[in-house]
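Asks: The structure that follows is given in the form of structure tokens.
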Amino acid sequence: MKFNSVAAALVGLSAQAVNAASTFSPARPPAAPIAVKSPYLNSWLNAGSDGGNGGYLAGEWITFWDQGITAWVGLIRVDGVPYTWMGAPPNYPQVVDQTDFSYTSTRSTFIMNVGGKVGMNITFMSPVTPNDLKRQSLTFTYLDVAVESIDGASHDVQLYADVSGEWASGDPAAVITWDTNTADGVRYHTFQRQDQEEFSEVRNQASWGTWYWSTADTDGITYESGIDVDVRAKFNNDGVLSNTKDTNFRAVNDNWPVFGFAKDLGSVGSASVSTLFSLGLTQDNAISFLGEGSSLTSVPSLWKSYFSNDLDAVTFFYNDYNEASSLATDLDNRVASDSLAAAGQNYLTITSLSVRQAFGALQFTNTDSEPLIFLKEISSNSDIETVDVIYPSIPLLIWANPKLLAYLLDPLFINQENGHYPNTNAIHDLGTFPVAKGYPDGSDEPMPLEECGNMIIMALAYAQRASDTAYLNTHYAILKQWAGYLVDEALIPANQLSTDDFAGTLANQTNLALKGIIGLRAMSEIAKLTGNSADEKTYGDTATSYISQWQNLGINSAANPPHTTLSYGDADSHGLLYNLYANSLLGFGYDFVPQSVYDMQSNFYPTVALEYGVPLDTRHTWTKSDWEMFAAAIASVETRDLFISKLANWINVTPTNLALTDLYDAATGDFPGITFHARPVVGGHFALLALP
């Protein structure tokens, strides 16, 4: 992949691809999820007009979420004529005609017409198995390519796909090594950085671990590693590869080493012929963590608990495709049926695009007896275990498997309960991914009220859904410590950041105060469940007093229509009261926050709605999709559907060209000058489905 040639190829391919009349269902997303399974296997096809080509597989390089090219090329020969079906290789053959793209929660599917002779069904499947940690722990993805005749005649067909060394490093000057071999019916290429740097990244790509690119070791398969243009030309000219290995280990950008497979499909008629590939990364250790000891320790990847070595994991994954596909279909169907029942097709458009993205920020680690999940705050700052990024993501986890929430909270509890954080409030995050060293000096980003409320609310939400009161007993002391902070600070918030830190600090935030007050009500419930009756009354009485005072402080009742303010006393201000959602999530309902508050906000939001949503607050026309769905989940049906229809429409038409952003301009639909994307907070889109 020589950059000059790539640029030329992109122009030519894009022009041809755009001429194809592809349909998109249920929407044309800003970027199509291609290989999205973890923070380091997280590649997309940019589609939006800010930089994508409209959503066509041929004509655009697949890129890592941070926009480094992760080259993946697909070619096909039909009756001796070569075509390009994926990627933007230099000196490319003509492109196939893409006629349709569709996505589900686990799959992205492209339908191609090759010269009017054969059709292709190209499916990228990244399994999500919330109740099967063995499979969820594997950082691999599938590519299934089915070919059939569409003109009534039989055709001589050969199929080709390769990946480049760009997957192995964010540094194109890094030297990589490679090999190819077979095991358990699987032919695989393996490649990795020669200089392994554990727990290190370049442009957010891992600098350690081994990549495996695999297919079936069957008749008709040939392979080759070598210079990109040479390997691809070999296929274009001959329809086969040379079964040879390039032995000149070199830098990623030194004559661009690629790892190709060709499959001779023979004479293809009306019966579909499928070829399966898999791609993924193995890492023995995943996270460096300051936990129970006094120094950083290496936390193993969770898959190590189930497999004795890399190859066992690789071959299991490849040979497990039928079962993995069935489980993926089960999840697709559950998301679809629940979303349609809750709020219709527009809601399914949103939820089904969110699943892989949310799970793609999670690193599954440690042991099968004590799993730990570490979250990467993708794109905004790469923090690890950011509490106010976990919080908006929890609706999906609660809906999918509440135990996952406990595994995600555990590292935060372990670090703080072992004396590694000096402040009395809850920590903001544990450092920069993949090193969770915490803040022994207490110098984390200061969101004390935000994070105390979040941690208490999340602990109770988990315990309620998993019927795990023991969890609350285990952590009662530190939860009570954080509740003490809320008693002192929640009603009249000091000048500070909330989770929407991009908007800056502000005193007396109405919405932030509500989170703290609901956190105190949650602590009362925790005390009740754990038999601490005195604490139950103390925190319950305080919360009841605060919520009564809050209504006088934070509501502009003289406005027409009345609404809560952004900050106490600022009558002209308003904002999304998304923290009200926790009151419903925890089942407190109108007994704690009166129905009049719910009805007031529900009536108000349509009066300030813009083209693509309701602004976050009066400081900007920006909005956040996760908080919109929190607000929608507890609104009237009419207001709920307004939120959902505007967000679903935005997904289909936004010019943003990166993995789904949660922060966009509700007036223009574009980025607001901040390019959040691929963040796990889209798990909040499941807010309707997580309610009890």
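The values are calculated or read from the model by the stated rules, or taken from the named source; none is laboratory data. Quick caveat, the model's predicted, so the values are computed rather than measured. Methodologically, a virtual Cβ is constructed for each residue, glycine included, from the backbone with ideal geometry; neighbour enumeration extends over all protein chains shown. With ligands, DNA and RNA removed, areas are computed over all heavy atoms of the protein, side chains included. Shrake-Rupley method; radii C 1.70, N 1.55, O 1.52, S 1.80 Å.
Asks: With the contact rule set at Cα under 8 Å and sequence spacing of 6 or more, what percent relative contact order holds for the chain?
Replies: 13 percent
Asks: Also, I was wondering about something else. With the Cα gyration tensor of segment 274-410 in hand, convert its eigenvalues to equivalent ellipsoid semi-axes via √(5λ) and list them largest first in whole Å.
Replies: 27, 23, 13
Asks: Right, something else. Rounded to the nearest whole Å³, what is the per residue volume of the convex hull around the Cα atoms of segment 594-692?
Replies: 99 Å³
Asks: Using only the Cα atoms of segment 378-474, each taken as one equal point scatterer with no solvent, compute I(q) by the Debye sum, divide by I(0), and report log10 of the ratio at q = 0.10, 0.13, 0.17 Å⁻¹.
Replies: -0.25, -0.42, -0.73
Asks: Hey, another quick one. Quick one: of 37/304; 134/263; 624/646, which pairs are farther than 20 Å apart, Cα to Cα?
Replies: Details: 37/304 17 Å; 134/263 30 Å; 624/646 12 Å.
Flagged as over cut-off: 134/263.
Asks: Next question. Run the dipole for segment 369-690 about the Cα centre, Lys and Arg Cβ at +1, Asp and Glu Cβ at -1, nothing else charged, and hand back the magnitude in debye, nearest 20.
Replies: Dipole magnitude for segment 369-690 comes out near 520 debye.
Asks: Looking at the P(r) of segment 347-434, how many percent of alpha-carbon pairs lie beyond 14 Å?
Replies: Tail of P(r) above 14 Å: 66 percent of Cα pairs.
Asks: Around residue 354, under 11 Å between beta carbons, what's the net of Lys plus Arg minus Asp minus Glu among the other residues? Mind dumping the intermediate values first?
Replies: Details: positive: 356, 679; negative: 626, 662.
Net charge around residue 354: 0.
Asks: Given N residues in segment 260-321, what is its alpha carbon radius of gyration divided by 2.2 N^0.38 Å?
Replies: Scaled against compact globular proteins, the figure is 1.82.
Asks: How far is helix 403-417 tilted, in degrees, relative to the longest principal axis of the Cα atoms in the chain, given as a value from 0 to 90 rounded to the nearest 10?
Replies: 60 degrees
Asks: Residue farthest toward the positive end of the dipole of the chain, with Cβ of Lys/Arg at +1 and Asp/Glu at -1: which of 274, 683, 438?
Replies: 274
Asks: Volume per residue, Å³, of the convex hull around the alpha-carbon atoms of segment 214-335?
Replies: Numbers: hull volume 25.5 nm³, N = 122.
Enclosed volume per residue, from the Cα hull, is 209 Å³.
Asks: Could I ask something else about it? Do you know the relative contact order of segment 72-287, to the nearest whole percent, from alpha carbon pairs under 8 angstrom that are 6+ apart?
Replies: For segment 72-287, the relative contact order is 23 percent.
Asks: Provide the FRET efficiency to the nearest 0.05 for the residue 488-residue 219 pair, computing r from the beta carbons and using R0 = 51 Å.
Replies: The pair residue 488/residue 219 has a calculated efficiency of 0.10.
Asks: Projecting each Cα onto the charge dipole of segment 254-402 (Lys/Arg +1, Asp/Glu -1 at the beta carbon, about the Cα centre), which of 256, 343, 286 comes out farthest on the positive side?
Replies: Checking the options against the dipole of segment 254-402, the answer is 343.
Asks: Another question about this same structure. Can you give me the Kirkwood hydrodynamic radius for segment 369-690, using every pair of distinct Cα atoms, in Å to one decimal?
Replies: In segment 369-690 this quantity evaluates to 19.7 Å.
Asks: Across 10 Å bins from the origin, how do the percents of Cα pairs in segment 532-677 run, short distances first?
Replies: 11, 38, 31, 15, 5, 0
Asks: Quick one: the Cα spread of segment 62-186 along its three principal axes, in angstroms, biggest first?
Replies: Extents along the principal axes: 44, 40, 33 Å.
Asks: Taking only the alpha carbons of segment 180-239, what extent do you get along each of the three principal axes, in Å, biggest first?
Replies: Cα spread of segment 180-239 along its principal axes, largest to smallest: 41, 31, 17 Å.
Asks: So how strong a dipole does segment 72-287 carry about its Cα centre when Lys and Arg Cβ are +1 and Asp and Glu Cβ are -1, to the nearest 20 debye?
Replies: It comes to approximately 240 debye.
Asks: Let me ask something additional. Over 10 Å intervals from 0, what percent of Cα-Cα pairs in segment 306-353 sits in each interval?
Replies: 25, 31, 23, 18, 4
Asks: Let me spell out the model: positive unit charges on the Cβ of Lys and Arg, negative unit charges on the Cβ of Asp and Glu, origin at the Cα centre of the chain. What dipole size does that give, in debye rounded to 20?
Replies: Here the chain has a charge dipole of around 680 debye.
Asks: Now for a different question. Please compute, for the alpha-carbon atoms of the chain, the extent along each of the three principal axes and give them in descending order in Å.
Replies: 79, 55, 40
Asks: Still on this model: Near the amide H of residue 22, under 5 Å away, which other amide H atoms are found, from residues 5 or more places off or on another chain, if H is placed in the peptide plane?
Replies: Long-range HN contacts for residue 22: none found.
Asks: Can you give the percent of C-alpha pairs in segment 72-287 whose distance is more than 27 Å?
Replies: So the portion of pairs separated by more than 27 Å is 34 percent.
Asks: Once the Cα gyration tensor of segment 488-596 is found, what semi-axes does its equivalent ellipsoid get, as square roots of 5 times the eigenvalues, in whole Å, sorted largest first?
Replies: 25, 15, 12
Asks: Using a 1.4 Å probe on the protein heavy atoms, what percent of the accessible area of segment 369-690 belongs to carbon and sulfur?
Replies: Numbers: 4590 of 9800 Å².
It is 47 percent, rounded to a whole number.
Asks: If you don't mind, another one. Compare the Cα positions of 448, 229, 218 along the charge dipole of the chain (+1 at Cβ of Lys, Arg; -1 at Cβ of Asp, Glu; about the Cα centre) and return the one farthest towards the positive end.
Replies: Farthest along the dipole direction, towards plus: 218.
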